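To keep things clear, I will list the structure first and then write my remarks on it.
The values are calculated or read from the model by the stated rules, or taken from the named source; none is laboratory data. Worth saying up front: this structure is predicted, and the values here are computed from it rather than measured. Cβ atoms come from the backbone with ideal geometry, glycine included; neighbour counts cover every protein chain shown.
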Amino acid sequence: MGFSLVYVDGISIRQKEQSAMNKISAGEEERIKIMIVEDNVEVAESIKDYLISENFEVTIYNEAPGALTELQKGVYHLVLLDLRMPKMSGEEMLRKMREGGWNIPVIILTAYPSVRSAIESLKLQAFDYIEKPFKMSRLLDTINSVIKEEGITTRPKEILMSRVGERMRFLRNENKLTLRQLATRAGVSPSLLSKIEVGSSSPSLFTIYRVTKSLEISLRNFFEDVEI
């Protein structure tokens, strides 16, 4: 990640980075993690079984509120989202994701397609809009397109970058700050913070230090909560 060997708040960032990389290398090869948000249990389980056979790691949530809670503490590469669900619609969940700063790719799955919902989904940056029933091969092709176009990876360095970004976004949301507000506090550009949060840019120690100080936490606490 380009960190130099610097001690701040009693922690060696180089050692922290190397330790995290070793943890990933020592364990099983990480698979791409997919969240299915679908209230039809039979449909959800059918999709899950198929994707597991294609070597994906899959978790099912049958309602949107629980799925949103899980997104705050877990790392997922892709969300398969049904539109019609009790308690909260898929469209509302997607809107809350985007408002909260989650840029995770989302594929909409719906048995009730309409021009309005398709347009709204695209406005909310859904990757694709698939009508039920569909062939599993069609879904797999779309998932593979997401992986290719979004540059999704399970390589150790990029996993670590993703974890740092997830942690930064969690802290920002916990403090009820927009990207611009946190950037102003930390004295860095909003575009840089956005790239760090989605894991597309490797943050410097100085940037992370400024962000942690603006949030009134230590570097040690920041990295101890970065799950590998």
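Here are the numbers for this structure:
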read-out: Whichever residue in region 33-50 is without any contact (Cβ under 8 Å) to a residue 24 or more places away in the chain and among the aliphatic types (A, V, I, L, M) and, among such residues, is surrounded by the fewest Cβ atoms within 10 Å (Cβ to Cβ); value: Val41
read-out: Residues of region 68-82 that turn out to be farther than 15 Å from Ile152 by Cβ and modelled with pLDDT of 95 or more, as a count; value: 2
read-out: Count - residues of region 134-168 that are within 14 Å of Leu78 (Cβ to Cβ) and either at pLDDT 90 or above or part of a helix (DSSP H, G or I) (or both); value: 13
read-out: Positions within region 62-77 being in contact with a helix residue (DSSP H, G or I) (Cβ under 6 Å, 6 or more places away or on another chain) and surrounded by 22 or more Cβ atoms within 10 Å (Cβ to Cβ), in sequence order; value: Ala64
read-out: Hits in region 50-109 (condition: assigned to a loop (DSSP other than H, G, I, E, B) and either of a type in the set (Asp, Glu) or more than 14 Å from the chain's Cα centre (by Cα) (or both)); value: Glu54, Asn55, Phe56, Asn62, Glu63, Leu83, Arg84, Met85, Pro86, Lys87, Met88, Ser89
read-out: Only one of Ser189, Ser202 that is surrounded by fewer than 19 Cβ atoms within 10 Å (Cβ to Cβ), polar (S, T, N, Q) and closer than 23 Å to Ile152 by Cα; value: Ser202
read-out: Breaking point among (1) in the same structural domain as Gly74 (by TED's automatic domain parsing); (2) of a type outside the set (Gly, Ala, Ser); (3) more than 26 Å from Glu57 (Cβ to Cβ); (4) in contact with a Pro (Cβ under 7 Å, 6 or more places away or on another chain), for Leu179; value: (1)
read-out: Pairs where the first residue, in region 191-216, is among the small types (Gly, Ala, Ser) and the second is at pLDDT 90 or above and assigned to a helix (DSSP H, G or I), C-beta under 7 Å, 6+ apart; value: Ser214/Leu182; Ser214/Arg185; Ser214/Ala186
